[in-house]
Structures are given as C-alpha cells and as structure tokens.
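Engineer: Structure incoming, see below.
The values are calculated or read from the model by the stated rules, or taken from the named source; none is laboratory data. Only a predicted model underlies this, so the values are computations on that prediction, with no experimental measurement involved. In this analysis, Cβ positions are derived from the backbone assuming ideal geometry, glycine residues included, and neighbour counts consider all displayed protein chains. Heavy atoms of the whole protein, side chains included, go into the accessibility calculation; ligands, DNA and RNA do not. Shrake-Rupley method; radii C 1.70, N 1.55, O 1.52, S 1.80 Å.
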Amino acid sequence: MADRVTVIGWDGSPLTAAARSALGAATLVAGAAHHLALPEVPADAERVRLGSVDLAARRIARHRGSAVVLADGDPGFFGVVRTLRAPEHGLEVEVVPAVSSVATAFARAGMPWDDAQVVVAHSRDLRRAVNVCRAHPKVAVLTSPGAGPAELALLLGPVHRTFVICEELGTEREQVTVVTSDRAADHTWRDPNVVIVIGGLGAPTGRGGWIAGRDPGYPPALRGWALPADAYTTGGDAGGTDASADGFGEGESTELRAAQLARLGPRVGDLVWDIGSGSGAAAVEAARFGAAVIAVDRDPAACRRTTTVARRYGVQLQVVQGVAPHVLEDLPEPDVVRVGGGGAPVVAACADRRPERIVAHAATRDDAEAIGRALAEGGYAVECTLLQAVELDTSAWTERERAVAFLLSGRRTHP
C-alpha cells in the first residue's frame, strides 16, 4: 500500500503550499489529462490517467511510495474521496480541498446556495435529476457526458425553468450562459459544466434558513400530513379556516388519502402521477414529500383548484387537463401512480407504463374486483383493504360523517 495518499482539489487557482509540497514528493500522480499537465507534477513520477477511479485506487493500493490524486473542485463533495475510502480499497487519505464547482457556479451567478438541491446526473439515471428539477425551485446539476444541459432541457419538456450553465469553470475557457430551458437543447455545451436550474414556486427569496437544501419547515404554519378537507378548499387559507368542502369528490376522504400516500411512499427523485386530482390534496401532499408531481384531471375547475392549493402551500407541480387514459400517452414515465378516477381502464393503462406502485380506490366490490384484475394482469401483486372512517362530533360524541371505500394497491413484481 502507498505510504501516503493525498487527494488535492484543483479549481484553476494556484495550488496551496500544502498541495505543492505533497505533489513535489509524489512518486505516483493520478488525475485527468489537464491535471497531469500541471507544471508542479514531478517529471519522474508515475502518471495514472484517472478514468475509472476504482482502477486507479487498485493501482495506488499496490504502489510503494507517496501517491497524489488530483481532482476538480472539492474532492470530498461528490468526488473521488468516497471511492478511495471504500472498504474494498482500504486507503486512508489526506485531503487538500479546493472550492467545489457547485460553489463556484453559484458564485459566478451571484446567488446563495444553501437552499439549493444538489444532484449528480448520469445518462443511466438522468430522469431522477430531472424530477428534482421539476419539484424544487433551485437545483444545481453536476452533469456528465450524455447527461448535460441539452438532455436536461429535453426531459423537462413543457416545464419552464431558467438554466445558468457554467462551462469549464476555473479554466481560461470558462463561460457562464443564462438561457431558458426551451433554448438549452439548441446548443452544444462544453464539458465539464454545472447547470443551475431555477424557477417555479418555492420559498421566498432572501429568507434565511437553518438547514441546507430543502427546508422541512416550509411553510412555517403547516404541520402534518393528510390534512383535513378544509385545508384544500379554494376559499380556505393556509391554516384551513374555511370549513366549506367545495372541490372534494367521492373517494377524497382524509383517511383514504393518508393510506394511499403511505402505500405510494413518494420521495425525492420520484415522479408521481395523480390521475383525477380533484381538489389537488393528494398531489400537493405528494409534492410536500419532495417528489415531482403531474396532476391530471378532465375538469378545468379541478385543474385550477390544484394550481391554487399548490401555490398556497409553496410546492411545484405540473397540472395537465385531459381525459385519461389518452392524455397519459405523452407524459414522462412515472415511479408511482395514484388513480383517483377512471377505474380499471385507467389502471390498466398505468400498469402498461410499469411504475413501481399503483394505488386506486373503488366504491363497490364489483369495481374493486375489476381494478384488482387489471393490476394482476399487468404484473402487480395486489392488496385490497376495506376502509371505513367515521368522523365524530366530540361535543356530543355522535357520528357526524361516514366514508367507506375499497383501497387497492399494486406493487410491481418484475422490472
């Protein structure tokens, strides 16, 4: 094993004294081509082109002497330090960090970034990075070949965002470009680049926070899940003081919504389809978990209600007016789906798209059996629960309202 392994971050500025000292004593230097061309790299040191970090780590583990690994930015932030320290390599490293490319990108844009989501985009899972950009108002995307600004823009489709594209940061060819997402696909961008994606609804700018990334306490007055109906009426305020129930339809009880969300488990990086969104309650609560959401309803008034409550609670979602299953054909692939209306035909169409989970409900046993068959024939393990919720008037402990529904959930059994 190497006597000493030092990981040096490089952001284009002159190396620090500690970095120069470690590099001067190195007998093996690993890095990209532009790192190995630095004048501080000893002429007699063994040079390892850093393509696969795993291969480089194995070579360093066999080396006898002092090894240095050069990497862009802060190597401890989505960088090589994690791989080098992995148990299979067993390397203990010293780290000389530089300014991360994300911090540099936000500095070039003149923006704070403690409230930003930071994601890494690869071609194999680019859609998850795109889903984060759909769901959050400020995202930094560390791109890779085949998963750059153009590909991000194409997958965002009609979701409008502003891109701040920072190319080759720290080099003489550094360039910062601000474009709308619909224009980003019309250009060829140089690697490496960082894309800051901003836009949509979100917490007010200038608002201080106590935690980096998504603030779990926003909006401050809102606590809990499966909020009562009056929190989602068009006339109610953020605290739900209007007790009218306009916009709530059959199957939208609070208890049923809670059970549906529990089985779906929406999370950051997911795309949720809410078909038959009605009041928008389920769509908004899925978005509050950090997931990207597309709410679909045939009723223009329902679409307006969903947009209103999303704005009220500071979450981002896409609202699509149309009739399922036909309107679903052009939507991006979902991870989980809630079917609030349309019955077995819509459930079958959703199963054809192979999401991980599907939930639906039925008012009668016949409808429940039809939905269950559609799920099973689509390759899903089916569960069905008969839910009954009775709301009581606590002043007299008498029944105020009763809701009964069959809750069906399908879990994909094969990829």
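Engineer: Taking the range 64-80 on its own, how many of its residues are open to solvent by less than 20 Å² (accessible area, probe 1.4 Å) and out of contact with any helix residue (DSSP H, G or I) (no Cβ under 8 Å at 6 or more places or on another chain)?
Structural biologist: Count: 1.
Engineer: What are the residues in the range 388-415 that are open to solvent by 50 Å² or more (accessible area, probe 1.4 Å) and of a type in the set (A, V, I, L, M, F, W, C), if any?
Structural biologist: Within the range 388-415, VAL390, LEU392, ALA396, TRP397, VAL404 qualify.
Engineer: In the set ASP74, ASP125, ASP114, which member is out of contact with any strand residue (DSSP E or B) (no Cβ under 7 Å at 6 or more places or on another chain) and touching a residue at least 40 places away in the same chain (Cβ under 8 Å)?
Structural biologist: The unique qualifying residue is ASP114.
Engineer: So is VAL159 touching a Lys or Arg at 6+ places or on another chain (Cβ under 7 Å), surrounded by 17 or more Cβ atoms within 10 Å (Cβ to Cβ) and either closer than 29 Å to VAL320 by Cα or of a type in the set (Gly, Ala, Ser) (or both) or not?
Structural biologist: yes
Engineer: Next up: Any residue at all in the range 133-146 that's open to solvent by 60 Å² or more (accessible area, probe 1.4 Å) and in contact (Cβ under 8 Å) with a residue 12 or more places away in the chain?
Structural biologist: yes
Engineer: Also, quick follow-up: Out of curiosity, is ARG304 open to solvent by less than 20 Å² (accessible area, probe 1.4 Å) and not in a loop (DSSP other than H, G, I, E, B)?
Structural biologist: No.
Engineer: Restricted to the range 162-197, and to residues that are of a type in the set (Val, Ile, Thr) and assigned to a loop (DSSP other than H, G, I, E, B), which residue is surrounded by the fewest Cβ atoms within 10 Å (Cβ to Cβ)?
Structural biologist: Residue satisfying both the conditions and the ranking: THR188.
Engineer: Counting only residues that are open to solvent by less than 10 Å² (accessible area, probe 1.4 Å), in contact with a Phe, Trp or Tyr (Cβ under 7 Å, 6 or more places away or on another chain) and not in a helix (DSSP H, G or I), which one in the range 267-290 is nearest to HIS136 (Cα to Cα)?
Structural biologist: Here the answer is GLY280.
Engineer: Within the set of pairs 6 or more residues apart or between chains, which connect a residue that is buried (at least 24 other Cβ atoms within 10 Å of the Cβ) inside the range 328-348 to a residue that is of a type in the set (Phe, Trp, Tyr) with Cβ atoms less than 6 Å apart?
Structural biologist: Pairs that qualify, where the first residue is buried (at least 24 other Cβ atoms within 10 Å of the Cβ) and the partner is of a type in the set (Phe, Trp, Tyr), are PRO334/TRP273; VAL337/TRP273.
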